[in-house]
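Shown next, in structure tokens, is the structure this report addresses.
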Amino acid sequence: MRDTQTVSAAKVAMMPDGTAVPGGDEVLGQKIPFDRARWLPLLPGPDWWPAELDDCPTVAGRPRVDRSTVFGIARRSDTAEGRRHLLTAALVWGSGTRAQSVSRRARVFAESLPRDIDARLEAALGILQEEGAVAAYYAFNNDHRIRFLGPAFFTKVLYFAGHERCAGVWRPLILDRFVALALREADTGEKWRGGGWTTPRYSRYLALAHDHAQRAGVLPDQIEAAWFVQGRRLA
């Protein structure tokens, strides 16, 4: 399982002065509120809802799911049901409680048949295990694309699935508009768009994140989390 060493004061070259890299426990414990009642009618069936979400703690009247819980769900992604649960959990974790956000993310289910989602998930996650994060990104972005599941969310699926089941030296990381905004402000010598990232650009992102994590003595997703926070500040 992950090294959860806390390195709250660590800094890397691409961070503005004073930007702290969150500790491993803080990253794992990142909690997002969700509304079960909004999600259930939008799923293909009740069997797409992972039971672990019903055991999440309630804070201020809302259940909250953290990264650690989604990692636990991802351990079952070697089965069709497990992959369905992983997809649902990743979408829930990334969406929050706003009705508009939930309905937008749930278009994944409305625009594709369940058997097509199953086939594309199985194919892309199989490539993750056999060929690695970059090849799996290409798969989700091209041959095994799921409609309305864009990079900001299929990289969440890859991230949670790939910690324990991933070929190669790079583990997949989440790339969303906030991370891209932080990278755009950093001195990378490149322009980072707010979306629609190509496979070479994702590869570049992984290289940067893993390199800075190694220099700082932290995990790559701690760097991703720090860039996310910085991007939200910039936004």
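The values are calculated or read from the model by the stated rules, or taken from the named source; none is laboratory data. Just so you know, these numbers come straight off a predicted model, no measurement behind them. Please note: Cβ atoms are built from the backbone with ideal geometry, for glycine as well, and neighbour counts cover all protein chains shown. The accessibility values were calculated without ligands, DNA or RNA, using every heavy atom of the protein model including side chains. Shrake-Rupley method; radii C 1.70, N 1.55, O 1.52, S 1.80 Å.
Can you tell which of VAL134, VAL108 is touching a Phe, Trp or Tyr at 6+ places or on another chain (Cβ under 8 Å), aliphatic (A, V, I, L, M) and open to solvent by 30 Å² or more (accessible area, probe 1.4 Å)? Break it down stepwise before answering.
Details: VAL108 fails: open to solvent by 30 Å² or more (accessible area, probe 1.4 Å).
The match here is VAL134.
Of these, PRO46, PRO114, PRO33, which one is in contact with a Pro (Cβ under 6 Å, 6 or more places away or on another chain), on the phi < 0 side of the Ramachandran plot and of a type outside the set (A, V, I, L, M, F, W, C)?
On the way: PRO46 fails: in contact with a Pro (Cβ under 6 Å, 6 or more places away or on another chain); PRO33 fails: in contact with a Pro (Cβ under 6 Å, 6 or more places away or on another chain).
None of the other options fit; the residue is PRO114.
Within region 111-131, track down each residue that is part of a helix (DSSP H, G or I) and either open to solvent by less than 70 Å² (accessible area, probe 1.4 Å) or β-branched (Val, Ile, Thr) (or both).
Result: PRO114, ASP116, ILE117, ASP118, ALA119, LEU121, ALA123, ALA124, LEU125, GLY126, ILE127, LEU128.
Just to be sure, is TYR159 among the hydroxyl-bearing types (Ser, Thr, Tyr), under 11 Å from the mean Cα position of the chain (by Cα), crowded, with 19+ Cβ neighbours inside 10 Å and closer than 30 Å to ASP211 by Cβ? Give the derivation first.
Values: among the hydroxyl-bearing types (Ser, Thr, Tyr): yes; under 11 Å from the mean Cα position of the chain (by Cα): yes; crowded, with 19+ Cβ neighbours inside 10 Å: yes; closer than 30 Å to ASP211 by Cβ: yes.
Criteria met by TYR159.
Scanning for something surrounded by fewer than 13 Cβ atoms within 10 Å (Cβ to Cβ), of a type in the set (D, E, K, R), outside any strand (DSSP E or B) and touching a residue at least 24 places away in the same chain (Cβ under 8 Å), does region 42-64 turn up at least one residue? Please lay out each step first, then the result.
Here is the first cut: in region 42-64, the ones surrounded by fewer than 13 Cβ atoms within 10 Å (Cβ to Cβ) are 45-47, 51, 54-55, 57-61.
Going one step further and asking which of them are of a type in the set (D, E, K, R), we end up with 47, 54-55.
Applying the additional criterion that residues be outside any strand (DSSP E or B) yields 47, 54-55.
After this cut, where a residue has to be touching a residue at least 24 places away in the same chain (Cβ under 8 Å) as well, the list is 47.
Yes, the conditions are met somewhere in region 42-64.
Please enumerate the residues belonging to region 77-105 that are under 25 Å from GLY126 (Cα atoms), open to solvent by 20 Å² or more (accessible area, probe 1.4 Å) and out of contact with any helix residue (DSSP H, G or I) (no Cβ under 6 Å at 6 or more places or on another chain).
Filtering region 77-105 down to residues under 25 Å from GLY126 (Cα atoms) leaves 77-94, 105.
Restricting the remaining residues to those that are open to solvent by 20 Å² or more (accessible area, probe 1.4 Å) gives 78-81, 83-84, 94, 105.
Result: ASP78, THR79, GLU81.
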